[in-house]
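Below is one structure, written out as structure tokens; comments come after it.
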Amino acid sequence: MAGINCIGILTSGGDAPGMNAAIRAVTRSAIYSGFKVKGIYRGYRGLITGEIVEFKTQNVSNIIQMGGTILKTARCKEFQTPEGRKMAYDMLQKEGIDALVVIGGDGSLTGARIFATEFNFPIVGLPGTIDNDLFGTDKTIGYDTALNTIMECVDKIRDTATSHERLFFIEVMGRDAGFLALNGAIATGAEAAIIPEISTEVDQLEELIKNGFRKSKNSSIVLVAESPITGGAMSLAERVKNEYPQYDVRVTILGHLQRGGSPTAVDRILASRMGAAAIDALLEDQRNVMIGISNDEIVYVPFSKAIKNDKPINRELLNTLRRLSI
Ligand code: ADP
């Protein structure tokens, strides 16, 4: 931790429940270890424009239970240019910030990695995304809350679905990852999940119809991961209308409500542990790493690994869903 006195913290990209718990944990652990802390608003944009405020312990009081992020988040095109990143670097120098903790998803950590290398600047990342798509960590901050939200919504849809004889496609988030769709399907007793990871292997819609998904049921619920690879729920419904017109199909797109809500205990604890671990990492002179959790232990994952590798889906889950949906 040579030469670090002041740590800057920002949230970037898509927001996720639990980001506030992470901001609190980073701030409090940093102050506990004698560092000064500065909150940077609106992600990398605030780093360029200088929307920066010193954080004391009371700045993060009463936020652990709140969804969203008190630091706000943004997408910043300028940070993708060398000129924009130079402006960000100059701002860090001006503000006396010697290290950064970046909370965000794949894109934010990609930006962090480029910046850290370009300016030899210490950065530790925290995986903040509901998609759970970062490699090297079993879970990301926000994933459990989003999964619980999906579960509550699908339970409600099932009430109406069982009153009619219908096929329901429910589209959930996940970018190019099927974790929310697959685990959401298991948690709600859905008939199937259509996910990008196996889209190139099988025609999942055809498989679903061939397996006679309605044989012993009067309604069927299928969770679909939003992704250009699966085509999303709307295009699957179109296909059903054209190819299997005997089915009465309905689509629900859960959309942004999946990002909201008070974080679950799992996410609050995960964010608190990871936030504290970010400060440990800086104390240990770690840089260019993302904090991960593996078998309930904190791990340091090099940015290069966390971003570049596709996190594999657990095939056992797919198998379980297939067996339980007969
Ligand atoms: P997420 O972090 O949720 O994946 P985005 O992909 O939108 O969200 O990325 C958030 C921000 O991270 C972008 O608006 C940009 O400022 C920064 N970023 C993403 N990719 C890069 C890149 N290749 N180079 C520099 N900055 C990047």
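Remarks
- Full extension of the chain segment joining residue 247 with residue 262 gains 1.7 nm, where the gain is 0.36 nm per residue of separation less the Cα-Cα distance.
- Entry note, the chain: the mean residue ellipticity at 222 nm calculated from DSSP H runs of n ≥ 4, each adding -39500 (n - 2.57), is -12500 deg cm²/dmol after division by the residues and rounding to the nearest 500.
- Förster radius 25 Å - calculated FRET efficiency between residue 269 and residue 77 (Cβ-Cβ, nearest 0.05): 0.10
- Our coupling estimate for segment 36-45, obtained by passing each phi through the Karplus curve with A = 6.51, B = -1.76, C = 1.60 and θ = phi - 60°, is 8, 10, 10, x, 10, 8, 6, x, 5, 5 Hz, Gly and Pro reported as x.
- Segment residue 63-residue 323, extension gain: residue separation times 0.36 nm, minus the distance between their alpha carbons: 89.4 nm
- Hits among aspartates and glutamates - C-alpha to C-alpha of residue 241 under 20 Å, sequence gap 8 or more where chains match: 165, 171, 191, 203, 206, 207, 226
- Violating pairs (Cα-Cα greater than 27 angstrom) within the set 72/156; 86/305; 210/311: 72/156; 210/311
- Long-range HN-HN contacts of residue 171 with modeled amide H, under 5 Å: 224, 252, 253, 254
- Amide H partners (placed H, <5 Å) of residue 55, local residues excluded: 37, 38, 39
- Extension gain, residue 93-residue 155: 0.36 nm per intervening residue step, less the Cα-Cα distance, totals 17.2 nm.
- The listed residues 130, 64 rank as 64, 130 when sorted by accessible area, largest first, using a 1.4 Å probe.
- Mean sequence separation of contacting Cα pairs (under 8 Å, at least six apart), scaled by the length of the chain, corresponds to a relative contact order of 24 percent.
- Phi-based couplings in Hz for segment 109-123 (Karplus 6.51, -1.76, 1.60; Gly and Pro marked x): 6, 5, x, 4, 5, 4, 5, 4, 6, 4, 10, 6, 10, x, 9
- Among 195, 134, 150 the positive-end extreme of the charge dipole of the chain (Cβ point charges): 150
- The string of couplings for segment 224-237 from the Karplus curve (6.51, -1.76, 1.60, θ = phi - 60°) is 10, 6, 5, 4, x, 6, 7, x, x, 5, 4, 6, 5, 5 Hz, one whole number per residue in order, with x for Gly and Pro.
- Sulfur and carbon atoms: percent of accessible area, segment 118-257 [1.4 Å]: 50
- Efficiency of FRET between residue 33 and residue 315 - r from beta-carbon atoms, R0 35 angstrom, step 0.05: 0.25
- Amide proton proximity set for residue 129, modelled H, under 5 Å, gap of 5+: 141, 143
- Label-reachable residues, segment 288-306, where backbone N falls under 19 Å from a point 7 Å from residue 117's Cα toward its Cβ: 288-291, 301-306
- When each of the peptides 264-270, 250-256 is scored by the mean number of other C-beta atoms lying within 10 Å of its residues, the order from highest to lowest reads 264-270, 250-256.
- FRET efficiency for residue 163 and residue 200, using Cβ-Cβ distance with R0 set to 30 Å, rounded to 0.05: 0.25
- Across all directions, the shadow cast by the convex hull of the chain built on its C-alpha atoms averages 16.5 square nanometres.
- Percent RCO, i.e. relative contact order, over segment 145-259, from Cα pairs under 8 Å lying at least 6 residues apart: 38
- Ligands, DNA and RNA aside, residue 86 has an accessible area near 90 Å² when probed at 1.4 Å.
The values are calculated or read from the model by the stated rules, or taken from the named source; none is laboratory data. As the structure is a prediction and not an experimental result, all values here were calculated from the model. Positions of Cβ are backbone-derived with ideal geometry, glycine not excepted, and every protein chain shown enters the neighbour counts. Surface areas here come from the heavy atoms of the whole protein model, side chains and all, with no ligands, DNA or RNA. Shrake-Rupley method; radii C 1.70, N 1.55, O 1.52, S 1.80 Å.
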